[in-house]
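The values are calculated or read from the model by the stated rules, or taken from the named source; none is laboratory data. Here the structure is a predicted model, which means the values were calculated and not measured. Cβ placement follows ideal geometry from the backbone for every residue including glycine, while neighbour counts extend to all protein chains displayed.
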Amino acid sequence: MSFPFTFARYLVLVCILTGSFYAAYAQKSKPKAVLMAYYCEPCNNACDLERHDEPGVCKHCGMPFVKRSVALMDSLRMGQKKVGKRNVAIFIHNGVEVLDFSGPSEVFASTEGFTVYTVALTKEPIVSQGFIKIIPNYSLADCPKPDIVVLPGGQTGPFLENKPLINWIKASAQEAEIMLSVCTGAGLLAKAGLLDGKQATTFHNYIDNLQNETPKAKILRNTRFVDNGQIITTAGVSAGIDGALHVVAKLKGLAIATQTARYMEYDKWKPNEGLVVEQSAKMAAGRK
């Protein structure tokens with residue numbers, strides 16, 4: 001049954017529609033509360049993006065928590081994940097220690113966002129520890145521009161005076177994000193002048209020699225890795241895995257690095273076991 005359309009019914013309909021419009025407008029125009037949480041005071045490392053619900057001190061770097069916008073920090077985290085793939089050049093040479101280069105290789109190859117390749121003086125096969133023959137992907141002459149350079153140790157002595165290699169290391173350091181040494185590979189960084197004025201570490205049997213060869217650097221004992229920003233050095237052999245995981249955490253976040261360590265079933269890794277020089281300086285300044 002239909003009812004005649006009257007003026008009274010028209011007014012009721014207008015009132016209903018008008019009320020709905022203003023209710024919707026009021027809901028949309030109502031300012032939304034900004035969700036805040038606690039984050040590590042910025043120290044340019046992976047822990048900057050870790051969210052905490054209560055005030056306190058960062059267990060990784062010791063910096064106090066500050067309140068920041070969750071939306072802003074989520075945006076920064078997403079931006080970090082959108083970074084394109086990084087080239088990781090792992091220098092290998094005759095006598096290179098197997099785990100020195102294979103450990104970091106495993107870390108970077110097991111983590112999304114890295115293109116890993118080996119580079120040597122030439123493309124001729126090299127022999128690791130006397131029994132493993134490896135064919136390099138590239139030579140110094142045709143190596144793609146690296147974002148990360150890994151310099152493993154082993155029998156590095158014969159290569160400290162190799163000018164093409166030292167010049168390649170110097171040139172790579174001009175644009176690379178990270179220069180990572182493992183074990184006695186720190187000697188190659190030192191020869192390129194990249195340890196002067198910095199703290200560093202190396203294989204325990206090489207510490208005294210490296211200190212004598214690099215008087216402008218401070219070579220530390222009993223330290224798993226030392227992060228000076230771009231230049232990162234690690235102790236011997238297996239410590240290269242820790243250094244590589246630290247690089248992953250630094251560039252892609254602690255959660256990603258932890259995921260990689262879990263995949264590798266590497267229970268030894270302790271993210272705060274090394275020394276991050278910039279963080280330590282900030283902490284010391286804050287205590288004054």
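For the range 250-267, indicate whether the set of residues that are aromatic (F, W, Y), assigned to a loop (DSSP other than H, G, I, E, B) and more than 18 Å from C47 (Cβ to Cβ) is non-empty. Steps first, answer last, please.
From the range 250-267, those aromatic (F, W, Y) are 263, 266; that's our starting set.
Still in the list and also assigned to a loop (DSSP other than H, G, I, E, B): 266.
Narrowing the set further to residues that are more than 18 Å from C47 (Cβ to Cβ) leaves 266.
Yes, there is a match, as at least one residue in the range 250-267 is aromatic (F, W, Y), assigned to a loop (DSSP other than H, G, I, E, B) and more than 18 Å from C47 (Cβ to Cβ).
Provide a single number: the residues in the range 52-95 that are closer than 30 Å to D142 by Cα, at pLDDT 75 or above and either not in a loop (DSSP other than H, G, I, E, B) or not aliphatic (A, V, I, L, M) (or both).
Here is the first cut: in the range 52-95, the residues closer than 30 Å to D142 by Cα are 80-95.
Those still in the list that are at pLDDT 75 or above too: 84-95.
Applying the additional criterion that residues be either not in a loop (DSSP other than H, G, I, E, B) or not aliphatic (A, V, I, L, M) (or both) yields 84-91, 93-95.
Total meeting the criteria: 11.
So, A141, is that one touching a strand residue (DSSP E or B) at 6+ places or on another chain (Cβ under 6 Å) and small (G, A, S) or not? No. Residues being without any contact (Cβ under 8 Å) to a residue 40 or more places away in the chain and over 18 Å from the mean Cα position of the chain (by Cα) are represented in the range 222-235 by at least one member. From the list L245, L180, L189, the one residue that fits, being assigned to a helix (DSSP H, G or I), in the same structural domain as E278 (by TED's automatic domain parsing), touching a strand residue (DSSP E or B) at 6+ places or on another chain (Cβ under 9 Å) and not hydroxyl-bearing (S, T, Y), is L189. Of all residues in the range 120-161, those that are touching a residue at least 60 places away in the same chain (Cβ under 8 Å), under 26 Å from the mean Cα position of the chain (by Cα) and either outside the structural domain of C183 (by TED's automatic domain parsing) or assigned to a loop (DSSP other than H, G, I, E, B) (or both) total 4. In the range 181-204, the residues that are farther than 16 Å from V247 by Cβ form Cβ pairs under 7 Å with partners that are among the hydroxyl-bearing types (S, T, Y) and not in a loop (DSSP other than H, G, I, E, B), at six or more places apart or across chains, as follows: T184/Y206; L188/S181; T202/T184; T202/T233; F203/T184.
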